[in-house]
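Below is one structure, written out as structure tokens; comments come after it.
The values are calculated or read from the model by the stated rules, or taken from the named source; none is laboratory data. Model, not experiment: these values are computed from the prediction. Virtual Cβ from ideal backbone geometry, glycine too; neighbours counted across all protein chains shown. The protein model used for the area step is the full one, side chains on, heavy atoms only, and it has no ligands, DNA or RNA in it. Shrake-Rupley method; radii C 1.70, N 1.55, O 1.52, S 1.80 Å.
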Amino acid sequence: MAFQLTAGSCERLDNATPSEEDVFNEPHTVQFLSIKKVNTVNASSSAVDRYRIIMSDGIHFIQAMLATQLNSMVQDNTIGKNTVAVIEKLTCNYVQEKRLIIILSLRVLAHSTEKIGEPKQVESPPDQATSVTPNTDTIQTSASPLSNVITKHSKPAEQVTSKDGRPSVYPIEGLSPYQNNWTIKARVTQKSDIKTWSNQRGEGKLFNVTLMDETGEIRATGFNLVVDELYPKLEEGKVYYISKARVNLAKKKFSNLANDYELSLERNTEVVECHETANVPMIKYSFVPLSALQDLAKDSVCDVIGVVKEVSALSEITSKATNRQIPKRELTLVDKSGFSVRLTLWGKQAEQYNAEDSPVIAFKGVKVGDFGGRSLSMFSSSTMHVNPHLEECFALRGWYDSSGAEQSFHAHSSAGGGASTMSFNRAEIRSLDDVKQSGFGLPDKPEYFSTRATIMHIKADNISYPACPTQNCNKKVVEDGGTWRCEKCEKSFEAPEHRYIMSLAVADASGQAWLQGFNEVGVTIFGKTANELIAIKESNSAQYNVLLHKANCNTYNFSCRAKQDTYNENTRIRYGISRIYPLDYKEEAMALRDLLYSSWAR
DNA sequence: CCCCCCCC
């Protein structure tokens, strides 16, 4: 199949000046001649993967960089050498004497095996371009992660102005400390309270905002006098042109954002509200159902949306670290998954909370805690939106008003904190070796853990016992002249009900262990009652052995109970299975997905 | 220049 590449695209892009925005917004069908990872080390010594693409329009080729949010397309082979794709959106940075094309959005048409046409380098006057050849690494890497560019001397370094007189917009992703003559157009997605500090170096006040455009996010901070000027001016949700702020290295350990830099808002920083906001993205959420919180690790970060079922009164805690009094308020959120969770608001947000009538609230970037099984807590960087204009919000509203308000919800296990919950907890799966190493000290106090292991062997003798058929009795019965006698019920029965008592040898990557399981475990493993299995054993022992054999090599999730006991003067730890769960691969995959989303791009 | 993200 032949593809019509957009002849002339490369030449036009190569010659485009910053004000010619049309060429950046129209689609270009191109072929990728090479995609190469450029391992850039920036000034904070953190490695940033960037992909440089040489793309061809069939006549010429030109170099571009892939926006980092598209990196996964290379990593999962959505795009590769000779891929034909439509570049739907790109942007161009002019950094001093260098020009950089960034691909922001693309759609794959085909994976070709051959190069289309005989593309050549775009002709430039000899003194204006460095030589670039496909498959030859001529990229210059310097301190800026975006310095992997074609050197070109013909472009102006100064801030340019487009036809209609508005400033030409610079992408957030392109900001670096090495170029200060830019204007970004960004939405304020988060604005903090005004915070004050006092330490040995002095005292003052500050606030931060998170700024977002289609290329990325950056945090900006204003101090002292700048707070007075800009705090009232910058409103959450609005879009602004911002220029003349200082670009500093972000201290990674304090930042949740995927940006190496942050902005310092200065006295001379210019902030102008912009009303053309269509192409500036709103907050993007990756909502996790409340039922899935148990699969997220403590201290991970996630987005949730729920109906506020309860609101606590305002209270105050004293921080152990700083001794400061901190206002707090707890919301109880519920959603369609049938779970509820408590979420803590702090500071002004706690004091000023006044939403009524069970609103729907969307939260972004909240912290997962393990209090009461699972809990949520706001960071200063978290966002909270009451009744947002989102599909998920409308759906929750409808559900809650029609039925949700009347139903009951699962709290996230009331077993106070930590790993000792009795139900399976995917976020706290422990390896068998880890379990065995931990020892479980106290003789009579059982400890609970979750594990995932594969059955290696099932003890074939004494796999079941004859039990009393009375509901919930389960006591062993003894044969007594043709009938079966239960001492507890003081009754005799014609036949016992067999119940499993299983010893399983299970293994995972770390080692093996013996687990004891009762009736439910056997029913799950064999898909048969113990009566059925015993009947097979007695009529056809070969088939029984086949069933035992087939039970091996199957993997399950287990909730287990470890308990120290002493038997014949030997003290040992026995591991009992309280619940066994066949693997649901869809559920496992969803849990992995939620885990990825919860840590993605923060 | 902050950088704590808290408590039950």
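Residues that are part of a strand (DSSP E or B) and more than 24 Å from A:Gly216 (Cα to Cα) within region A:279-307 comprise A:Gly306, A:Val307, listed in sequence order. Among the residues in region A:276-289, are any open to solvent by less than 80 Å² (accessible area, probe 1.4 Å) and modelled with pLDDT of 95 or more? No, that holds for no residue. The criterion of being open to solvent by 40 Å² or more (accessible area, probe 1.4 Å), touching a residue at least 40 places away in the same chain (Cβ under 8 Å) and among the hydroxyl-bearing types (Ser, Thr, Tyr) does not hold for A:Thr529. Restricting region A:328-341 to residues that are over 14 Å from A:Ser408 (Cβ atoms) and open to solvent by 20 Å² or more (accessible area, probe 1.4 Å), which is nearest to the chain's Cα centre (by Cα)? Looking at residues that are over 14 Å from A:Ser408 (Cβ atoms) and open to solvent by 20 Å² or more (accessible area, probe 1.4 Å), I get A:Glu330.
Given the options A:Ile534, A:Ile463, name the one that is more than 22 Å from A:Arg579 (Cα to Cα) and in contact (Cβ under 8 Å) with a residue 60 or more places away in the chain. Write out each step before concluding.
On the way: A:Ile463 fails: more than 22 Å from A:Arg579 (Cα to Cα).
Going through A:Ile534, A:Ile463 in turn, the sole match is A:Ile534.
When only residues in region A:541-561 that are touching a Ser or Thr at 6+ places or on another chain (Cβ under 8 Å) and not polar (S, T, N, Q) count, which is farthest from A:Leu432 (Cα to Cα)? Full working, then the answer.
Here is the first cut: in region A:541-561, the residues touching a Ser or Thr at 6+ places or on another chain (Cβ under 8 Å) are A:553-561.
Those left that are additionally not polar (S, T, N, Q): A:553, A:556, A:558, A:560-561.
Working: A:Cys553: 16, A:Tyr556: 13, A:Phe558: 11, A:Cys560: 11, A:Arg561: 13 Å.
The qualifying residue farthest from A:Leu432 (Cα to Cα) is A:Cys553.
In region A:234-247, the residue that is farthest from A:Lys367 (Cα to Cα) out of those that are open to solvent by 50 Å² or more (accessible area, probe 1.4 Å) and out of contact with any Lys or Arg (no Cβ under 8 Å at 6 or more places or on another chain) is A:Lys244.
Which residue out of A:Leu225, A:Leu211, A:Leu230, A:Leu265 is open to solvent by 40 Å² or more (accessible area, probe 1.4 Å) and either of a type in the set (A, V, I, L, M, F, W, C) or in contact (Cβ under 8 Å) with a residue 40 or more places away in the chain (or both)?
Working: A:Leu211 fails: open to solvent by 40 Å² or more (accessible area, probe 1.4 Å); A:Leu230 fails: open to solvent by 40 Å² or more (accessible area, probe 1.4 Å); A:Leu265 fails: open to solvent by 40 Å² or more (accessible area, probe 1.4 Å).
Among A:Leu225, A:Leu211, A:Leu230, A:Leu265, only A:Leu225 is open to solvent by 40 Å² or more (accessible area, probe 1.4 Å) and either of a type in the set (A, V, I, L, M, F, W, C) or in contact (Cβ under 8 Å) with a residue 40 or more places away in the chain (or both).
Filtering region A:311-345 to residues that are within 9 Å of DNA strand B (Cβ to nearest atom), farther than 18 Å from A:Ser380 by Cβ and in contact with a Ser or Thr (Cβ under 9 Å, 6 or more places away or on another chain) leaves only A:Arg342. Considering region A:366-415, and only residues there that are away from DNA strand B (no atom under 16 Å from the Cβ) and aliphatic (A, V, I, L, M), the residue that is farthest from the chain's Cα centre (by Cα) turns out to be A:Ala405.
Just to be sure I understand, how many residues within region A:527-547 are more than 16 Å from A:Tyr465 (Cα to Cα) and assigned to a helix (DSSP H, G or I)? Give the derivation first.
At the first step, the residues of region A:527-547 found to be more than 16 Å from A:Tyr465 (Cα to Cα) are A:527, A:539-547.
With assigned to a helix (DSSP H, G or I) added as a condition, the list becomes A:539, A:541-547.
So the answer is 8.
When the residues of region A:351-362 are filtered to those that are out of contact with any His (no Cβ under 8 Å at 6 or more places or on another chain) and not polar (S, T, N, Q), which remaining residue is nearest to DNA strand B (Cβ to nearest atom)? If you could, list the steps in order and put the result at the bottom.
Filtering region A:351-362 for residues out of contact with any His (no Cβ under 8 Å at 6 or more places or on another chain) gives A:351-360.
Next, only the ones that are not polar (S, T, N, Q) stay: A:351, A:353, A:355-357, A:359-360.
Details: A:Glu351: 12, A:Tyr353: 15, A:Ala355: 20, A:Glu356: 23, A:Asp357: 25, A:Pro359: 21, A:Val360: 22 Å.
Top of the filtered list is A:Glu351.
Among residues of region A:308-330 that are assigned to a loop (DSSP other than H, G, I, E, B), those with a Cβ under 8 angstrom from a residue that is small (Gly, Ala, Ser), sequence gap 6+ or separate chain, pair up as A:Leu314/A:Ala350. The single condition among (1) within 13 Å of DNA strand B (Cβ to nearest atom); (2) closer than 10 Å to A:Val188 by Cβ that A:Lys252 does not satisfy is (2).
Could you look through region A:301-310, keep only residues that are within 15 Å of DNA strand B (Cβ to nearest atom) and in contact with an Asp or Glu (Cβ under 9 Å, 6 or more places away or on another chain), and pick out the one that is most open to solvent (accessible area, probe 1.4 Å)?
Of all residues in region A:301-310, those within 15 Å of DNA strand B (Cβ to nearest atom) come to A:301-302, A:310.
Now drop any that are not in contact with an Asp or Glu (Cβ under 9 Å, 6 or more places away or on another chain), which leaves A:302, A:310.
Values: A:Cys302: 2, A:Glu310: 110 Å².
Here the answer is A:Glu310.
For the criterion of being open to solvent by 60 Å² or more (accessible area, probe 1.4 Å), within 16 Å of DNA strand B (Cβ to nearest atom) and over 24 Å from A:Gln294 (Cβ atoms), A:Lys348 passes. One residue stands out in region A:346-377 among those that are assigned to a strand (DSSP E or B) and among the basic types (Lys, Arg): the one that is nearest to A:Tyr448 (Cα to Cα), namely A:Lys367.
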